[in-house]
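Down below is the structure, laid out as structure tokens.
Readers should treat all values here as calculations from the given coordinates under stated rules, not as data from a laboratory. Since we're looking at a predicted model, the values are computed, not measured. Neighbour counts run over all protein chains shown; Cβ positions are idealised from the backbone, glycine included.
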Amino acid sequence: MALCLILPAAHLQASNAIDDASITARLKNMSQIISTDFSTRAKGYVKGYLYHRDDTEKLLGKTAQYFPIFEFFLDNYNLPEELKYLPIIESRLRPFVYSTAGAGGMWQFTTPTARHVGLKVNRYLDERRDPHKSTKAA
């Protein structure tokens, strides 16, 4: 979800459009563990983030709440910090979201996987929705 890094909220407020060359340049200058490709699909996501500016700003605002949790556990397990962007892709940082396949929480664990990694999932409790427990399990 490196695209979040190339679209700061200040830019979203200043303009509804961004040119491909600017995005490509920012991608090349980013420290990254995987190669990035500004494909047609990626361009579609950028346009979506720009078009739905208010939603994007809310999403970026949630990073202040959740990224410190993600960073703590990623650091404790010596995992790449870039993995903190995965819940943006999976759930838009919504702990109470469920997919049509039944995956739940910000990390989108299926019930069997959640139980396998030690999360409680039953009719009274779903720890996939707990940011701390689900991040530790992820």
Problem set entry | MRE, 222 nm, helices only [DSSP H, n ≥ 4, -39500 (n - 2.57), over the chain, to nearest 500] | -15000 deg cm²/dmol
For this session: Using only Cα atoms, locate the centre of the stretch 86-105 and the centre of the stretch 25-45, then give the distance between them in Å, rounded to an integer.
Result: 23
For this session: Taking 7 Å along the Cα-to-C-beta vector as the label spot, tell me the Glu81-Thr113 distance in nanometres, rounded to one decimal.
Result: 2.5
Seminar exercise, completed: Of all chymotrypsin sites (Phe, Trp or Tyr not before Pro) in the stretch 79-138, the ones in DSSP coil with at most 16 other Cβ atoms within 10 Å are Phe96, Tyr124
Problem set entry | Loop sites in the stretch 28-57: chymotrypsin sites (Phe, Trp or Tyr not before Pro), DSSP, at most 10 other Cβ within 10 Å | none
Exercise. Say the cut-off is 22 Å between C-alpha atoms; which of Lys58/Lys136; Lys28/Lys84; Lys58/Lys120; Lys28/Lys58; Lys43/Lys136; Lys84/Lys136 go over it?
Worked result: Lys58/Lys136; Lys58/Lys120; Lys28/Lys58; Lys43/Lys136
Seminar exercise, completed: With Cα springs under 10 Å, the Gaussian network model of the chain assigns the largest mean-square fluctuation among Val117, Val46, Val97 to Val117
Problem set entry | FRET efficiency, Lys28 to Tyr51 (Cβ-Cβ, R0 30 Å, nearest 0.05) | 0.75
For this session: Note down the relative contact order for the chain as a percent, whole number, built from C-alpha pairs under 8 angstrom at least six residues apart.
Result: 17
